[in-house]
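Peer 1: Sharing a structure below in structure tokens format, with a few things to ask.
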Amino acid sequence: MRKTAVVTGASSGIGAATARRLAAEGFDVVLAARRRDRLDELAAEIEAADPSGRRGGVAVVTLDVTSAESVAALAAAVRQCHVLVNNAGGAFGLDPVSSADPDDWQRMYDTNVLGLMRTTKALLPMLVESGAGHIVNITSLAAHAVYEGGAGYTAAKHAAAAVNGTLRLELYDQPVRVTEVAPGMVATAEFSLVRFKGDAEKAAKTYEGVAEPLSAEDIADCVAWAVTRPAHVNIDRIDVQPRAQAAAHKVHRV
């Protein structure tokens, strides 16, 4: 029997790359995100990449992690779950606390923290029942560091890291592994564009002069490695940054 992996935020970036990679590893993958058209395109791409059907299959579920009803519908649609990749999240704004937008902070907490809680809670019974479950929480370098203008995002990601560590304690006697993947600078098409509310010029400056930022595929590689270790091996946390980045505030630019 093939294992099933559920990937939230699968419509783009790290989520999409992780879904492709896990399918290539032989998992049946459930793509879950808000943008159904993107999910349908990705599902078709994954299926076309393996006409023989020897790789994992793919299913699509529309999901908004900020909605309890939507998360309940996801759980009802999934028959089994061996791996849950909590990837849905994002950064909104880069304002100092003195001029912070409470709506941006609320949105970051709703997606990065409450969304993680909702999906984990909903699918945890299946993960336990599988006998070899695995929760992978995609956080950020911002989960373990702070920087000017990033208080809202770093607070949310610090909270997500705290949830990850607490889950590890609460599930220590259950057949469920818990892993945090904390990426540094990853150049994806949408992360900074969303953060700067569609301002492409500001978004481009994030990666300006950085010769080799990480790619979404680099993070997917970390996820795939963690979930394919033997069932008794728990990778607690993977911190991954490009060589050019020594800290959140220290990046080599040319």
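The values are calculated or read from the model by the stated rules, or taken from the named source; none is laboratory data. It should be emphasised that the depicted structure is a prediction, and the values quoted were computed from it without experimental measurement. Because the Cβ atoms are built from the backbone with ideal geometry, glycine has one as well, and the counts that use them run over all protein chains shown. All accessible areas refer to the heavy atoms of the entire protein, side chains included, with ligands and DNA or RNA removed. Shrake-Rupley method; radii C 1.70, N 1.55, O 1.52, S 1.80 Å.
Peer 1: So if I place +1 on the C-beta of Lys and Arg and -1 on the C-beta of Asp and Glu, and nothing else carries charge, what would the dipole magnitude of the range 1-143 be about its Cα centre? I want it in debye, nearest 20. Mind dumping the intermediate values first?
Peer 2: Working: 14 positive and 16 negative charges, 110 e Å.
Computed about the Cα centre, the dipole is about 540 debye.
Peer 1: Which one, VAL30, ALA77, GLY56, is farthest towards the positive end of the dipole of the chain when Lys and Arg carry +1 and Asp and Glu -1 on their Cβ?
Peer 2: Comparing the listed Cα positions along the dipole, GLY56 ranks first.
Peer 1: Ok, one more. Each residue of the range 28-35 in turn: what ³J(HN,Hα) in whole Hz from Karplus with 6.51, -1.76, 1.60 and θ = phi - 60°, glycine and Pro shown as x?
Peer 2: Taking θ as phi minus 60°, the curve returns 6, 10, 9, 8, 10, 5, 6, 8 Hz for the range 28-35.
Peer 1: For the range 160-172, take each phi angle, set θ = phi - 60°, evaluate the Karplus expression 6.51 cos²θ - 1.76 cosθ + 1.60, and give the result in whole Hz per residue in order, putting x for glycine and proline.
Peer 2: Each residue of the range 160-172 in turn: 4, 5, 5, 4, 4, x, 5, 4, 4, 5, 5, 9, 4 Hz.
Peer 1: Whenever you get a sec, line up HIS144, HIS252 from highest to lowest accessible area (probe 1.4 Å, protein heavy atoms).
Peer 2: Working: HIS144 75, HIS252 115 Å².
Putting HIS144, HIS252 in descending order of accessible area: HIS252, HIS144.
Peer 1: Using modelled backbone amide H atoms (1.01 Å from N, in-plane), which distant-in-sequence or interchain residues come within less than 5 Å of VAL181's amide H?
Peer 2: ASN137, ILE138, THR139, ILE238
Peer 1: Treat every Asp and Glu Cβ in the chain as -1 and every Lys and Arg Cβ as +1, leave all other atoms uncharged, and give the resulting dipole magnitude about the Cα centre to the nearest 20 debye.
Peer 2: Values: 26 positive and 30 negative charges, 87 e Å.
It comes to approximately 420 debye.
Peer 1: Helix-only mean residue ellipticity at 222 nm, the chain, DSSP H runs n ≥ 4 weighted -39,500 (n - 2.57), per residue, nearest 500. What is it? Intermediate values should be presented prior to the final figure.
Peer 2: On the way: 9 runs with 101 residues, N = 254.
Rounded to the nearest 500, the figure is -12000 deg cm²/dmol.
Peer 1: Please report the spacing between the Cα centers of the range 33-47 and the range 148-189 in Å, no decimals.
Peer 2: What the calculation gives is 26 Å, centre to centre.
Peer 1: So what's the chain giving for Cα Rg divided by 2.2 N^0.38 Å, two decimals? Please report the intermediate quantities before stating the final value.
Peer 2: Details: Rg = 17.5 Å, N = 254, 2.2 N^0.38 = 18.0 Å.
So the chain has a normalised radius of gyration of 0.97.
Peer 1: For VAL60, list long-range residues whose amide hydrogen, built 1.01 Å from N in the peptide plane, is under 5 Å from its own amide hydrogen.
Peer 2: Residues meeting the criterion, in which the H sits 1.01 Å from N, are LEU31.
Peer 1: Give me the percent of accessible area attributable to carbon and sulfur for the chain, probe 1.4 angstrom. Don't skip to the end; give the middle numbers.
Peer 2: Details: 6420 of 12150 Å².
The C+S portion of the solvent-accessible surface of the chain is 53 percent.
Peer 1: In addition: HN-Hα J couplings of the range 77-87 from phi, Karplus 6.51/-1.76/1.60, θ = phi - 60°, integer Hz, Gly and Pro as x?
Peer 2: Values, residue by residue: 7, 9, 7, 8, 8, 9, 9, 10, 9, 7, 10 Hz.
Peer 1: Using a Gaussian network model on the chain with a 10 Å cutoff between Cα atoms, which of VAL128, VAL97, VAL223 fluctuates the most?
Peer 2: VAL97
Peer 1: For the chain, which longest stretch is free of loop sites, where a loop site is one of the GluC sites (Glu not before Pro) that DSSP puts outside H, G, I, E and B and that has at most 12 other Cβ atoms within 10 Å?
Peer 2: 1-147
Peer 1: Would you give the gap between the C-alpha center of the range 1-25 and the C-alpha center of the range 192-254, rounded to a whole Å?
Peer 2: Taking the Cα centre of each part, the range 1-25 and the range 192-254 sit 17 Å apart.
Peer 1: With a 1.4 Å probe and every protein chain left in place, work out the accessible area per residue of the range 103-190 in Å², rounded to a whole number.
Peer 2: Values: 3560 Å² over 88 residues.
The answer is 40 Å² per residue.
Peer 1: Where the only charges are on Cβ atoms (+1 Lys, Arg; -1 Asp, Glu), what is the dipole of the range 123-225 about its Cα centre, to the nearest 20 debye?
Peer 2: Working: 7 positive and 13 negative charges, 56 e Å.
It works out to roughly 260 debye.
Peer 1: Hey, could you get me the Stokes-Einstein D for the range 42-114, Kirkwood radius over alpha-carbon pairs, 20 °C and 1.002 mPa s, rounded to whole µm² s⁻¹? Let's see the in-between values first.
Peer 2: Values: Rh = 15.3 Å.
Rounded to a whole number, D works out at 140 µm²/s.
Peer 1: Normalising by the residue count of the range 147-224, find the relative contact order in percent from Cα pairs under 8 Å and 6+ residues apart. Can you show the working numbers first?
Peer 2: Details: 37 pairs, mean separation 20.0, N = 78.
Once divided by the residue count of the range 147-224, the mean separation gives 26 percent.
Peer 1: Considering only DSSP beta bridges with both partners in the chain, what is the antiparallel share in %, to the nearest 5?
Peer 2: Values: 2 of 30 bridges.
Of all bridge pairs located within the chain, approximately 5 percent are antiparallel.
Peer 1: Most fluctuating residue of THR179, THR18, THR206 in a GNM of the chain with Cα springs under 10 Å: which is it?
Peer 2: Maximum among the listed residues: THR206.
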